[in-house]
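Input: a single structure, listed below in structure tokens.
Derivation of every value follows stated rules applied to the coordinates shown; laboratory data play no part. In this text, all values refer to a predicted model and were calculated from it rather than measured experimentally. Note that each Cβ is placed from the backbone with ideal geometry, even for glycine, and that neighbours are counted across all protein chains shown.
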Amino acid sequence: MRQLPGHGACFVCGAGNPRSIGLTWFEENGEIFAEFTFDEGQQGPPAHLHGGASAAVLDEAMGAAVWTAGLRVVAVNLEINYKQPVPLGQKVTIRARVQERQERKVLTTSELLLPDGAIAVTGRGIYVPAPHLVGAEKVKFG
């Protein structure tokens, strides 16, 4: 298991952003994960996590999975499925992985798990090369 470096002003994990959600990502065997306790700063419905906040952390986790695999990509499609509300003040786990590499895109999956292991939110993403990002021109897909 290794901790991933933060990246500046990121909305989800950037130590350089005073309004960042503040997640710290880890990687083990190609899977990205974090444990986190959301608070009122991420509230949507009373005492529960905002759907946009859960989408943001799942997007970031899936993006970290493909970047950790050495691919410089950006999301072109995200699918978020809300299965049950996420209460604030409880430690949850966020997980993501690369599901499949195709010629011109990478498919990912993710989930946000409640303390009892129940899946509260799932995500799937499609990521494509981003040649405007540093190092992206060297990426090979497939």
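Here are some notes:
- Listed by Cβ neighbour count within 10 Å, with the fewest neighbours leading, ASP59, ASP39 appear as ASP39, ASP59.
- Rg and Dmax of the chain, both derived from C-alpha coordinates alone, stand at 14.8, 46 Å.
- Between ALA15 and GLN3, the simple label model (points 7 Å from Cα in the Cβ direction) yields a spacing of 0.7 nm.
- Burial ordering of SER54, SER110, SER20, fewest other beta-carbon atoms within 10 Å first: SER20, SER54, SER110
- Charged-residue dipole, Cβ positions (Lys, Arg, Asp, Glu), the stretch 2-138 about Cα centre, Debye nearest 20: 300 debye
- Derived scalar couplings ³J(HN,Hα) [the stretch 75-86; Karplus, 6.51 cos²θ - 1.76 cosθ + 1.60; whole Hz; x for Gly, Pro]: 6, 10, 7, 10, 10, 10, 10, 9, 9, 7, x, 10
- Nearest-0.05 FRET efficiency for HIS50 and ARG101, computed from C-beta distance (R0 30 Å): 0.40
- Stretched out straight at 0.36 nm per residue, the stretch from TYR82 to ALA118 would grow longer than its current Cα-Cα span by 11.7 nm.
- Simple rule: put +1 on each Lys or Arg Cβ and -1 on each Asp or Glu Cβ in the stretch 2-138, find the dipole, and look at ALA120, ALA130, GLN84; the Cα lying farthest toward the positive end is ALA130.
- Over the stretch 2-138, relative contact order from alpha-carbon pairs under 8 Å, at least 6 apart, %: 22 percent
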